[in-house]
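Note sheet for the following structure.
The values are calculated or read from the model by the stated rules, or taken from the named source; none is laboratory data. Worth saying up front: this structure is predicted, and the values here are computed from it rather than measured. Here the Cβ positions follow ideal geometry from the backbone for every residue, glycine too, while neighbour counts run over all protein chains shown.
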Amino acid sequence: MDSRPGGPVRANPILSVAIGREGAVLFYVYVVRSMKDGRLYTGMTGDLQRRLGEHNRGGTSSLRGRRPVRLVYSEEYTTRAEALARERYFKTPEGGVLKRRLVSEVEEVRCD
């Protein structure tokens, strides 16, 4: 988990509730894996369960042909700006390395 100021409230490899500390609405940065081709997709949303459902129903063109998808990693943020910045970072070459490492660590734990 990122310990920098502005880091995630909580990194969570499984689905989280949509209400955080003191009833604050949370924003999620998430990574899903295509069960068809194994590729990763990163996104940001305020409602993780709804968004996963949209992905698996074919509601996003980038994943329509790669369904089904499975949530492999998520982080919670208290502001949209923080979540958006983290999503953008994960989509950079440097951030992609970190994203793949985090996903790999979570998947290793699930296999144990």
All positions within the stretch 27-49 that are within 15 Å of Ser62 (Cβ to Cβ), in a strand (DSSP E or B) and not small (Gly, Ala, Ser): Tyr30, Val31, Val32, Arg33, Leu40, Tyr41, Thr42, Met44, Thr45
For the stretch 47-62, which residues satisfy the criterion of being under 15 Å from the mean Cα position of the chain (by Cα) and at pLDDT below 90? none
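Can you find a residue that is outside any strand (DSSP E or B), hydroxyl-bearing (Ser, Thr, Tyr) and touching a helix residue (DSSP H, G or I) at 6+ places or on another chain (Cβ under 8 Å) anywhere in the stretch 90-102?
Within the stretch 90-102 (the criterion being outside any strand (DSSP E or B), hydroxyl-bearing (Ser, Thr, Tyr) and touching a helix residue (DSSP H, G or I) at 6+ places or on another chain (Cβ under 8 Å)), the answer is no, since none of the residues qualifies.
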Cβ pairs under 7 Å, 6+ apart, first in the stretch 67-79 and in a loop (DSSP other than H, G, I, E, B), second surrounded by 17 or more Cβ atoms within 10 Å (Cβ to Cβ): Thr78/Val9; Thr78/Leu26; Thr79/Phe27
